[in-house]
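Please read the structure below before turning to the comments.
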Amino acid sequence: MSTWSPANDAFPGAASGRGTSPEADAALFRTAISYLLAGEAGYAYLCLDRMAQESYAVAYNKALCCYLAAAYEACFRLLGEAERLLPHKVSCGSKPLPPELAQWEFKKSSPFCPMPEDAPPDIVRMQLLRLKAEAAGKLGLTEEVKRIASGLLGEYMHIKNLMNKTPTNHDDI
């Protein structure tokens, strides 16, 4: 009869509750993204929370889990953490999209997309700001939504809608 050890664990990090190696963290991240894509925000969050290594992709995806569960304050806080983990002076979208894709991006794309681990930082910033605008809108932070909108390179329809719907200004988070 064998006993459990990290060397023979079928899912590294699962028994200890924390990822114990880069390989374990990678497996937890992939599993979390699978859960997110299947609509299982709680399971995704649990996987992300077990990772030893924190990154902007981990913080963003945790924030997305919180948003999907209507935990908007936690979402907003985690997005702030993701921003702090981004390299400094990263701007949004260093290369413009072709016109047809830009039109789709600004009018129809969803701000609720899981973030891959190795997404380029300029795309990460856009994705992060779009979700942050949604969370700010849910929290009634009108000025924050406007600030975020001015930092993005396009006129996202979902953010325009937020600015039209947000009746109050509670920028005290």
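A few notes on this one:
- Backbone HN-Hα couplings from phi across region 108-119 [Karplus 6.51/-1.76/1.60, Hz, Gly and Pro as x]: 10, 5, 8, x, 10, 9, x, 9, x, 4, 10, 5
- Among the trypsin sites (Lys or Arg not before Pro) in region 108-150, those located in a DSSP loop and surrounded by at most 16 other Cβ atoms within 10 Å of their own Cβ are 108.
- Backbone phi angles across region 137-147, fed through the Karplus curve with coefficients 6.51, -1.76 and 1.60 (θ = phi - 60°), yield HN-Hα couplings of x, 5, 8, x, 8, 4, 5, 5, 4, 5, 4 Hz in residue order; Gly and Pro are listed as x.
- Cβ-derived FRET efficiency at R0 41 Å, residue 102 paired with residue 73, nearest 0.05: 0.80
- Electrostatic tally near residue 100: other residues with Cβ closer than 14 Å to its Cβ, Lys and Arg +1, Asp and Glu -1, net +1.
- Using θ = phi - 60° in the Karplus curve 6.51 cos²θ - 1.76 cosθ + 1.60, the 3J(HN,Hα) couplings for region 52-58 round to 6, 9, 8, 8, 5, 5, 5 Hz; x is entered for Gly and Pro.
- Around residue 87: net Lys/Arg minus Asp/Glu count, Cβ-Cβ under 12 Å: +1
- Region 49-114: GluC sites (Glu not before Pro) in DSSP coil with no more than 16 other Cβ atoms inside 10 Å: 54
- Close amide H pairs (under 5 Å, H built 1.01 Å from N) link residue 51 with 19, residues at least 5 positions away or on another chain.
- Using the Cβ-Cβ distance between residue 52 and residue 160 with R0 set to 41 Å, the FRET efficiency from 1/(1 + (r/R0)^6) comes to roughly 0.55.
- Between residue 147 and residue 122, the simple spin-label model (points 7 angstrom out along Cα→Cβ) gives 2.5 nm.
- Region 39-165, Rg to Rh (Cα coordinates; Rh as Kirkwood inverse mean 1/r): 0.95
Every number in this text was worked out from the coordinates using simple rules, so none of it is lab data. Since the model is a prediction, treat every value here as computed from it, not as a measurement. So basically every Cβ, Gly included, is an ideal-geometry build from the backbone, and we count neighbours across all protein chains shown.
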